[in-house]
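Take a look at the structure below.
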Amino acid sequence: MKKRSYTLITGSAGFIGYHLTCSLIKKNKHVIGIDNLNNYYSVKLKKDRIKDLKKTSKKYFIFHKVDLSNKKGIENLFKKYKITEVINLAAQAGVRYSITNPEKYLKSNIIGFHNLIDCSIKAKVKIFIYASTSSVYGKITKTPFSENLNCSNPIQLYAATKLTNELIAHAYSHLYNFLTIGLRFFTVYGPWGRPDMALFKFVDSIKKKKNINVFNYGRHYRDFTYIDDVIKAILSIKTNFRKKFKKNKNYEIYNIGNNKPIFLKNYIKEIEKNLKIKAKINYLPLQPGDIFKTQADTRKLRNHFGYVSKMNYKKGIKKFIDWHNDYYQKN
Ligand SMILES: NC(=O)c1ccc[n+]([C@@H]2O[C@H](COP(=O)([O-])OP(=O)(O)OC[C@H]3O[C@@H](n4cnc5c(N)ncnc54)[C@H](O)[C@@H]3O)[C@@H](O)[C@H]2O)c1
């Protein structure tokens, strides 16, 4: 009997992993999700995402609690299932946390990444997609950030580990004729989002009438990218890359952004308007490792796949707040 093919999604209890898994299982694709359910932020939120995925489809979703740094655990997955596609979204995320907790980044983002790509090559998976970040643009101030820029100046360890992923992927694509695609995400937001990120923190604190810390005196610009746009981009790349490039291309990097940076103070005003509460703001200086402005050059994604992001930030903020109200009413 022919063995069933699976897509492996790492970090499926995480924000982006949850949404990607959800959209695939709704399309009746078989997904293995793995996550180590670490306590970097609310473990309950991660478990609730997994619960919701199991509720969405018991038939198409299988979850295993596995740490990427556990090589045996990863090897066992590849022995047990016929995995033909890998999407690596598990990582220790966060810019500021990497300054105080460097070992966690080395363990998950470098050792863990290498374990996964090594097993994927041995299992001859057809496509290996992995999360990188806009933080790799580091010291570059010329916007929009194009994938062609030389990114050898990261300004914190998180970015350095993601750049390392891109370099390892390049070496292995070349050595083993293995298809790898890195995605540089730009500040992703939306329902089921991350409690360590600005939108979540602001909404949470403003609702509780607590002060919010706003760095660089609110003069940041961020290319906020709505989660549904991100998922559509990943699916479009996954489905169409091989059809478009046949066997002549084995390595690619794409920016996944919105291309319309928003002034942080305006973002906060929109949150206040939705919540009908005035924020209590502590304005603070620029934090070490922070980037002043991010803006994705999204032409490559558009040229290759005709893809453009659609969500307007005002609508996106409203959708997040509706989810936040609903989730915390029930929990
Ligand atoms: N959300 C964003 O704005 C953004 C921006 C740039 C890059 N990224 C990258 O995209 C990916 C997904 O981000 P996210 O926002 O969903 O983050 P997330 O923290 O919500 O999800 C990552 C998941 O990976 C899991 N994980 C961490 N280390 C692991 C390990 N060693 N083994 C197994 N599981 C592990 C975590 O428990 C978490 O559930 C990450 O690689 C992140 O660095 C995200």
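Computed quantities for the displayed model
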{"item": "Whole-Hz couplings from phi, Karplus 6.51/-1.76/1.60, listed for segment 66-73; x for Gly and Pro", "result": "9, 9, 4, 7, 8, 4, 4, x"}
{"item": "Karplus-derived 3J(HN,Hα), 6.51/-1.76/1.60, for each residue of segment 212-225, Hz, glycine and proline x", "result": "10, 8, 10, 7, 6, 6, x, 8, 6, 10, 10, 8, 5, 10"}
{"item": "Relative compactness, segment 15-68, computed as alpha-carbon Rg over 2.2 N^0.38 Å", "result": "1.07"}
{"item": "Cross-link partners of Lys47 among aspartates and glutamates (Cα-Cα below 16 Å; sequence separation of 8 or more within a chain)", "result": "Asp35, Asp67"}
{"item": "Binned Cα-Cα distances of the chain, short to long, each 10 Å bin given as a whole percent", "result": "6, 26, 37, 24, 7, 1, 0"}
{"item": "Taking segment 214-331 and dividing mean pair separation by its residue count, relative contact order in percent (alpha carbons under 8 Å, at least six apart)", "result": "43"}
{"item": "Karplus-derived 3J(HN,Hα), 6.51/-1.76/1.60, for each residue of segment 21-35, Hz, glycine and proline x", "result": "4, 4, 5, 6, 5, 5, 8, 6, 9, 7, 10, 9, x, 10, 6"}
{"item": "Residues with amide H under 5 Å from that of Phe185, placed H, sequence gap 5 or more", "result": "Ser132, Thr133, Ser134, Ile256"}
{"item": "Neighbour-limited loop hits for trypsin sites (Lys or Arg not before Pro), segment 16-49 (at most 13 other Cβ within 10 Å; DSSP other than H, G, I, E, B)", "result": "Lys27"}
{"item": "Neighbourhood charge, 15 Å Cβ-Cβ cut-off, centred on Cys119 and excluding it, Lys, Arg +1 and Asp, Glu -1", "result": "+4"}
{"item": "Cα shape, segment 271-331, gyration tensor, a/c 1.5 rule", "result": "oblate"}
{"item": "Gain on full stretching of the segment that runs from Ser205 to Ser236 - 0.36 nm per residue minus C-alpha separation", "result": "7.6 nm"}
{"item": "All aspartates and glutamates inside 18 Å of Lys208 as judged from Cα atoms, apart from same-chain residues fewer than 8 positions distant", "result": "Asp196, Glu270, Glu272, Asp322, Asp326"}
{"item": "Point-charge dipole on Cβ atoms (K/R +1, D/E -1) for the chain, about Cα centre, debye to 20", "result": "1180"}
{"item": "Net charge of neighbours whose Cβ lies under 15 Å from the Cβ of Lys260, counting Lys and Arg as +1 and Asp and Glu as -1", "result": "+3"}
{"item": "Sequence-distant residues sharing a close amide H with Ile127 (under 5 Å, placed H)", "result": "Val86"}
{"item": "Virtual spin-label span in nm between Lys247 and Gln329, 7 Å along Cα→Cβ", "result": "5.6"}
{"item": "Rounded, prolate or oblate (a/c below 1.5 giving rounded, otherwise prolate when a/b exceeds b/c) for segment 159-218 by Cα gyration tensor", "result": "prolate"}
{"item": "Segment 60-210 - charge dipole about Cα centre, Lys and Arg +1 at Cβ, Asp and Glu -1, debye rounded to 20", "result": "500"}
{"item": "Span per principal axis, largest first, for the Cα atoms of segment 194-267 (Å)", "result": "55, 22, 17"}
{"item": "The chain: relative contact order as a whole-number percent, Cα under 8 Å and 6+ apart", "result": "17"}
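Quick note: the coordinates plus some simple rules give every number you see, no bench work behind them. Just so it is clear, the model here is predicted, and its values are computed rather than measured. With ideal geometry, Cβ positions are generated from the backbone for all residues, glycine too; neighbour counts draw on all protein chains shown.
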